[in-house]
Amino acid sequence: MSDSQIQVYSIYINAPAKKVWDAITTSEYTTQWGYGGETEYDLTPGGDYRNLTTDEMKQMGMGDVAVSGTVVEVEEPTRLVLDWSPAWHPESNPTRLTWELTEFPSGLTRVVLTHDLTAAPEYAAEVAGGGEPAQGGGGWPWCLSGLKTLLETGKSMGA
């Protein structure tokens with residue numbers, strides 16, 4: 001696990017950038033990768049962002065929203081910057097999440113996810129993952145692996 005306050009993850013996905021963008025920003029896809037849950041985006045600077053909880057999360061005692069935030073920057077389909085606040089840490093300051101997508105002529109898209117945790121460094125190890133994904137311990141590596149698996153195979157990871 002990492003305790004770095006700025007974490008950068010990079011992955012190549014065999015899909016066009018627009019499809020990756022849609023998988024990040026639309027419930028059609030977000031319910032099928034990572035920890036699931038529908039998303040609501042107002043894709044304008046200052047707009048609201050919400051990642052809703054799944055039924056399983058609600059059974060664990062969570063409310064309706066897993067993560068909320070504010071859209072800081074949008075350049076569809078190449079860059080999305082969010083101020084990101086997890087509901088399970090209501091006392092924490094928002095952290096900065098940046099998605100950068102680069103599509104190559106081959107059709108591959110490089111996804112670079114940067115999570116700047118300097119406002120809440122106590123959660124760096126948690127989002128870095130490395131634990132049991134079923135217990136919420138997979139962090140960003142689990143989420144990005146699920147995104148890649150879904151877009152390349154059409155199936156959710158583990159399905």
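The strands (runs of 3 or more DSSP E) located wholly in the stretch 64-111 that include 3 or more residues which are farther than 20 Å from residue 144 by Cβ and touching a Gly at 6+ places or on another chain (Cβ under 9 Å) occupy 65-75.
From the set of residues in the stretch 117-137 that are crowded, with 16+ Cβ neighbours inside 10 Å and out of contact with any Phe, Trp or Tyr (no Cβ under 8 Å at 6 or more places or on another chain), which is modelled with the highest pLDDT? Working first, answer last.
Let us first name the residues in the stretch 117-137 that are crowded, with 16+ Cβ neighbours inside 10 Å, namely 117, 120, 123-129, 133.
Narrowing the set further to residues that are out of contact with any Phe, Trp or Tyr (no Cβ under 8 Å at 6 or more places or on another chain) leaves 120, 123-126.
Values: 120: 93, 123: 88, 124: 90, 125: 88, 126: 88.
Step by step, filter the stretch 117-137, then rank; the result is 120.
Here residue 118 qualifies as of a type in the set (Ser, Thr, Tyr) and in a loop (DSSP other than H, G, I, E, B). Please determine, by comparing only the residues of the stretch 1-30 that are in a loop (DSSP other than H, G, I, E, B) and either at pLDDT 95 or above or of a type outside the set (S, T, N, Q) (or both), which one is surrounded by the most Cβ atoms within 10 Å (Cβ to Cβ). This residue is 15.
Scan the stretch 54-76 residue by residue and report those that are touching a helix residue (DSSP H, G or I) at 6+ places or on another chain (Cβ under 8 Å) and closer than 16 Å to residue 30 by Cα.
Let us first name the residues in the stretch 54-76 that are touching a helix residue (DSSP H, G or I) at 6+ places or on another chain (Cβ under 8 Å), namely 64, 66, 76.
Correct list: 64, 66.
The values are calculated or read from the model by the stated rules, or taken from the named source; none is laboratory data. This one's a predicted model, so the numbers in the text were calculated from it and none came from an experiment. In this analysis, Cβ positions are derived from the backbone assuming ideal geometry, glycine residues included, and neighbour counts consider all displayed protein chains.
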